[in-house]
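What follows is a single structure, written as structure tokens, with notes after it.
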Amino acid sequence: MSRLCRSLGAVALALVAALAFAQDAVLKPFVLAAKGPGDVAQKVEATKAALTKAGFTVSGSYSPYPNAVVIGVTNDELRSNAAKSERGGFGAAMRVAVTKVKDEIQVSYTNPPYLANAYRMAGDLKDTAAKLQAALGNIEEFGAEGLSPAALRRYHYMIGMEYFDEPSTLASYASYDEAVKAVEAGLSAGRQGVTKVYRVDVAGKKETLFAVAMKGEGDDKYMDDKYLMSEIDFKDVKSTAHLPYDILVSDNKVYAQYARFRIAISFPDLSMMGPNSFMNIMKAPEAMRKALTLTVGGKEDAR
């Protein structure tokens, strides 16, 4: 009997361990760091100070719409890890958001291990996650039911939609330096309503990440940050850190993640049809690709 009890006990422990592993392995796009009363401007400054004290470099920030500010941050781990994988520069920065929702201020950030796996990076960025948690807090992960690291590394929303390794090639130039110069010029001019929020250079590699704000009205509203988020960011805890969008210069080419991947990886549980669904923004992917392409000097029909 005692042997049977020991065996059953071992099985129970194994099941508990397996369940714990499964739970640990499920990742969500965002982390809610803190929430409570306050002032947006004061909270932004306090957040930047906390991040700097924790060893992060604040690369830039912007307000995509009232009562929301997104801060781009990087550190040595992010830049060096980005250099170890193809187009790893997409993960060279994390985004921290301060959003006022009714009378509450929410501080949230992109979940480093989630993006590390979604962007097929060499490391899991757990050290960066620990530093963000120590600096800002961690109430809960949110934004989806959750995906395993393996599922994230092969993620696409559905059949026919893009994977991470199928970005849009916006333009090609004779060299990395020419490509960076062209992107800087296009963003400075505000072509197509696209402007620079921040820039992060990947360590030891000819690769540079540009975070960009996108504004459009009328027929161009589908590429507009505020319009898009008004359609898809409708839950009580806001996913503001989905913004801003990214342009990556890698060697002599300029890339952007196609919106059917870039939006879906932040909102993997979003419905295809119905209220607040992908159907409502079905014109956005091409509108965004066109705006980004023309901004960096590419041809409209480039893929």
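The values are calculated or read from the model by the stated rules, or taken from the named source; none is laboratory data. Values in this document were obtained by computation on a predicted structure and should not be read as measured data. When we count neighbours, we look across all protein chains shown, and the Cβ atoms used for this are built from the backbone with ideal geometry, even at glycine. Quick note on the areas: whole protein, heavy atoms, side chains included, nothing else; ligands and nucleic acids left out. Shrake-Rupley method; radii C 1.70, N 1.55, O 1.52, S 1.80 Å.
Applied to the range 97-111, the Karplus parametrisation 6.51 cos²θ - 1.76 cosθ + 1.60 on θ = phi - 60° returns per-residue 3J(HN,Hα) values of 10, 10, 10, 8, 10, 6, 9, 10, 9, 10, 10, 9, 8, 5, 7 Hz, with x for Gly and Pro.
The packing ranking, built from the mean of other Cβ atoms within 10 Å per residue, places the peptides 96-105, 246-255, 277-286 in the order 246-255, 96-105, 277-286, highest first. The order of THR110, THR169, THR57 by accessible area, most exposed first and with a 1.4 Å probe, is THR57, THR169, THR110. Sequence neighbours fewer than 8 away in the same chain don't count; with that in mind, list the aspartates and glutamates whose C-alpha is under 17 Å from LYS126. LYS126 reaches ASP24, ASP76, GLU77, GLU140, GLU141. A 1.4 Å probe run over the chain, with the rest of the protein chains in place, finds 46 Å² accessible per residue. Across the range 262-270, computed HN-Hα scalar couplings (Karplus, 6.51 cos²θ - 1.76 cosθ + 1.60, θ = phi - 60°) run 4, 6, 5, 5, 8, 10, x, 9, 5 Hz from first to last residue, x flagging Gly and Pro.
Helix content alone sets the calculated 222 nm mean residue ellipticity of the chain: runs of n ≥ 4 DSSP H residues at -39500 (n - 2.57) each, divided across all residues, give -11000 deg cm²/dmol.
Partners of LYS226 within straight-line reach, counting aspartates and glutamates whose Cα lies under 18 Å from its Cα and excluding those fewer than 8 residues away in the same chain: GLU217, ASP236, ASP246, GLU286. For a paramagnetic label modelled on ASP76 (point 7 Å from Cα along Cα→Cβ), amide N atoms under 12 Å away belong, within the range 32-64, to 55-56. In this calculation the C-beta distance from ILE139 to SER85 is compared with R0 = 45 Å, giving a FRET efficiency of 0.90. Compared with the direct C-alpha span, the chain from ASP124 to GLU217 gains 29.6 nm at full extension, assuming 0.36 nm per residue. Distance between Cα centroids, the range 96-170 to the range 202-254: provide it in whole Å. Rounded to whole Å, the Cα centres lie 14 Å apart.
Bridgeable lysines around LYS48 (alpha carbons under 17 Å apart, same-chain partners fewer than 8 residues away excluded): LYS35, LYS100, LYS131.
Per atom type, the chain shows carbon and sulfur on 53% of its accessible surface, probed at 1.4 Å.
Taking a sphere under 14 Å around the Cβ of ASP220 and counting the other residues whose Cβ falls inside, with K and R at +1 and D and E at -1, yields a net charge of +1.
Evaluated over the range 166-222, the count of Lys pairs having alpha-carbon atoms less than 24 Å apart is 8 (only pairs 8 or more residues apart or interchain). Counting heavy atoms of the protein chains alone, LYS215 has an accessible area of about 140 Å² for a 1.4 Å probe.
At full extension, GLU300 and SER230 could sit 22.5 nm farther apart than now, given 0.36 nm per residue minus the alpha carbon distance. Placing dummy labels 7 Å off each Cα toward the beta-carbon, the span from ASP251 to ASP177 is 1.9 nm. Here the convex hull built on the C-alpha positions of the chain has a volume of 159 cubic angstrom per residue. Maximal additional length on extending the ARG154-GLU286 stretch stands at 45.2 nm, based on 0.36 nm per residue less the C-alpha distance.
Measuring only protein heavy atoms, the 1.4 Å probe finds PHE164 accessible over about 10 Å².
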